[in-house]
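Undergrad: Encoded as structure tokens, here's the structure I'll be asking about.
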Amino acid sequence: MEFKTILPQLIELTTKTGEEILSHYKTGASVSFKDNNTPLTIADQAAHNMIIAGLLSITPDIPVLSEESDVISFTQRSQWDEYWLVDPLDGTRDFIEETGEFCICIAYIKNHRPIFGLVAAPLESTHYYGFDGNAYKYKNGIEQRINACTTSKPLRVVTGHYSSKNSTLLSHLTQLGECQHFHLGSALKFCRIAEGVYDYYPRFGPCSEWDTAAGVCILESAAGSVVDKNGDSLKYNTKDDLLSPVFFASGKNMPIS
């Protein structure tokens with residue numbers, strides 16, 4: 001797959017999808033809840049439809065797995081060597097609560113690893129993407145190479161808005177010693193570490209593979225690191241469920257994993 005060749009199409013697709021998402025933002029649209037009690041809005045479904053159609057147009061022979069897709073069995077998924085993994089609106093709760101901290105996540109998985117990741121932030125008119133060992137921020141028609149910074153002191157830790165009551169996280173933060181703690185929604189946390197704004201993002205609560213894949217690829221492409229509690233890289237589509245493990249995302253030379 002030549003990602004550099006199709007990148008302009010992916011940027012155009014996610015830009016248009018972002019415009020559709022924003023057309024539903026702050027409109028008081030109704031919210032429903034899926035079987036796992038996660039929220040769903042008309043913006044999620046509209047974004048899903050646009051991205052699925054767009055990816056199948058760009059790469060018609062590559063399967064697409066989206067958060068809003070019908071259930072696809074592991075028996076079927078296990079036959080895939082390569083596929084697109086999509087969260088059409090990551091940070092639905094932030095979208096509903098109007099924090100602005102939501103994004104579109106698209107990753108390309110090959111042999112259980114993300115080799116391309118794109119995160120689009122509609123409100124910021126910004127794209128982040130990583131592939132072939134390089135990561136970039138694209139805004140106002142300007143592409144800028146980004147690199148994760150060597151971790152700072154005090155350590156700049158970023159977590160989600162809804163993790164502050166997680167006792168394991170709180171204990172972990174205590175063990176870190178002196179640190180500054182920030183909150184940010186969605187996969188934008190990976191991107192902010194990739195561009196050097198934050199140093200460390202520990203995740204102990206549940207999340208799905210489509211929540212992490214694009215951000216993981218961007219951060220790793222920016223010379224950062226994302227590992228599980230055993231220090232191993234995250235793998236995708238290896239089991240029946242689609243949950244990501246506990247993980248630790250960091251900039252360069254993070255002393256903790």
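Undergrad: Residue 15 label point, 7 Å along Cα→Cβ, cut-off 14 Å on backbone N: hits in the stretch 128-143?
TA: Residues 128, 138-143 qualify, since their backbone N sits under 14 Å from the label point.
Undergrad: Using amide H atoms built 1.01 Å from N in the peptide plane, name the residues 5+ places from residue 160, or on other chains, whose amide H lies under 5 Å from its own.
TA: 184
Undergrad: What's the center-to-center distance, using Cα atoms, between the stretch 37-101 and the stretch 144-171 in Å?
TA: Result: 26 Å between the Cα centres.
Undergrad: Could you work out the per residue convex hull volume over the alpha carbons of the stretch 115-257, in cubic angstrom?
TA: Normalising the Cα hull of the stretch 115-257 by residue number yields 111 Å³.
Undergrad: Same structure again: With a ≥ b ≥ c taken as the square roots of the eigenvalues of the C-alpha gyration tensor of the stretch 80-172, please select rounded if a/c is under 1.5 and otherwise prolate if a/b is larger than b/c or oblate if it is not?
TA: Taking the square roots of the gyration eigenvalues as a ≥ b ≥ c, the stretch 80-172 is rounded.
Undergrad: Suppose R0 equals 22 Å. What FRET efficiency, 1/(1 + (r/R0)^6) with r the Cβ-Cβ distance, do residue 6 and residue 143 give to the nearest 0.05?
TA: With a Förster radius of 22 Å, E is 0.90.
Undergrad: Highest mean first, how do 187-200, 120-133, 87-100 rank when packing is the count of other Cβ atoms within 10 Å averaged over residues?
TA: Descending packing order for the listed peptides: 187-200, 87-100, 120-133.
Undergrad: Which order results if 50, 1 are arranged by neighbouring Cβ count within 10 Å, fewest first?
TA: Fewest-to-most ranking of 50, 1: 1, 50.
Undergrad: Most mobile of 34, 235, 26 per a Gaussian network model of the chain (Cα springs, under 10 Å)?
TA: Highest fluctuation among the options: 34.
Undergrad: Another one. So how much slack lies between residue 111 and residue 165, counting 0.36 nm per residue of separation and subtracting their Cα-Cα distance, in nm?
TA: Extra length available between residue 111 and residue 165 comes to 15.9 nm.
Undergrad: Another question, then. Which whole-Hz couplings ³J(HN,Hα) result when phi for each residue of the stretch 29-45 is put into the Karplus expression 6.51 cos²θ - 1.76 cosθ + 1.60, θ = phi - 60°, listed in order with x for Gly and Pro?
TA: Using θ = phi - 60°, the values come out as 4, 5, 10, 10, 10, 7, 4, 8, 6, 8, x, 9, 10, 4, 5, 4, 5 Hz.
Undergrad: Would you grab the residues whose amide H sits under 5 Å from the one on residue 208? Only those 5+ places off in sequence or on another chain, please, with H modelled 1.01 Å from N.
TA: So residue 208 has HN proximity to 244.
Undergrad: A follow-up question, please. Starting at the first residue of the stretch 217-225, write each ³J(HN,Hα) from the Karplus equation 6.51 cos²θ - 1.76 cosθ + 1.60 with θ = phi - 60°, in whole Hz, x for Gly and Pro.
TA: 5, 4, 5, 5, 5, 8, 6, x, 9
Taken together, the values in this text are just the output of simple stated rules run on the coordinates, not laboratory data. Model, not experiment: these values are computed from the prediction. Reconstructed Cβ throughout: ideal geometry from the backbone, glycine too, with neighbour counts over all protein chains shown.
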